[in-house]
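Notes follow the structure.
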Amino acid sequence: MPERVQERGPEREQEPAGGGPLRAFGLAEVYNPSMVPTLRPGDQLVVHYGASVRPGDVVVLRHPFRQDLLIVKRAVERRDGGWWVQGDNPYVTNDSREFGVVPDELVIARARLRVRPPRGIQRSPRAALSWVLSAVRPVRADRSLSRRLRAR
């Protein structure tokens, strides 16, 4: 099954000039398990279009062979010609191990926040509060993970 993300927001190329700082943000939904345990299918991502990318960042990019397909990966390191990207799930290899370095112009956004949808109905205020406290998390660059991925 191919990796994919559904994008819900403006793209850099379509942004009107002077659209304001919030126009640079959008939503993406994760559909596949390539980023487990960091991201799970069904998670929503708040993404920042045109943000600078550093090693360890989670990014949304166009698949190099199917540019109509958006995927979420971790930017592991800069190489000649672009970024080496990998998923956090070692059992899914739909990443640079399969398609090589990704050119900079195909990296379209950097993930800032993960919003995990509720699993079932929250029946008590305590359960709802527990979900709120765990559902919204910043997506941070994991430097130690990017080093481990490079070592593979």
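Where a number appears in this text, it was derived from the coordinates with a stated rule and is not lab data. What you see is a predicted model; the values in this text were computed from it and never measured. Glycine also receives a Cβ, built like all others from the backbone with ideal geometry; neighbour counts cover every protein chain displayed.
Which ³J(HN,Hα) values, rounded to whole Hz and listed in residue order, are derived for segment 76-81 from phi using the Karplus coefficients 6.51, -1.76 and 1.60 in 6.51 cos²θ - 1.76 cosθ + 1.60 with θ = phi - 60°, glycine and proline given as x?
7, 7, 7, 9, 4, x
Short version: ³J(HN,Hα) in whole Hz for each residue of segment 56-64, in order, from phi by Karplus 6.51 cos²θ - 1.76 cosθ + 1.60 (θ = phi - 60°), x for Gly and Pro, what are they?
x, 6, 8, 10, 9, 9, 7, 4, x
Take each of the peptides 85-94, 132-141, average the number of other beta-carbon atoms within 10 Å over its residues, and list them starting from the highest.
85-94, 132-141
Under the rule of at least 5 residues apart or a separate chain, name every residue whose amide H is placed under 5 Å from the amide H of G56.
A75, V76
Tell me, what ³J(HN,Hα) does each residue in segment 97-106 have, in order and in whole Hz, if you take phi through Karplus 6.51 cos²θ - 1.76 cosθ + 1.60 with θ = phi - 60° and put x for Gly and Pro?
Each residue's phi maps through the Karplus curve to give 5, 9, 10, x, 5, 9, x, 3, 5, 8 Hz.
Which of the peptides 47-56, 70-79 is most tightly packed, and how do the rest follow, going by the mean number of other Cβ atoms within 10 Å of each residue?
My ranking of the peptides, most packed first, is 70-79, 47-56.
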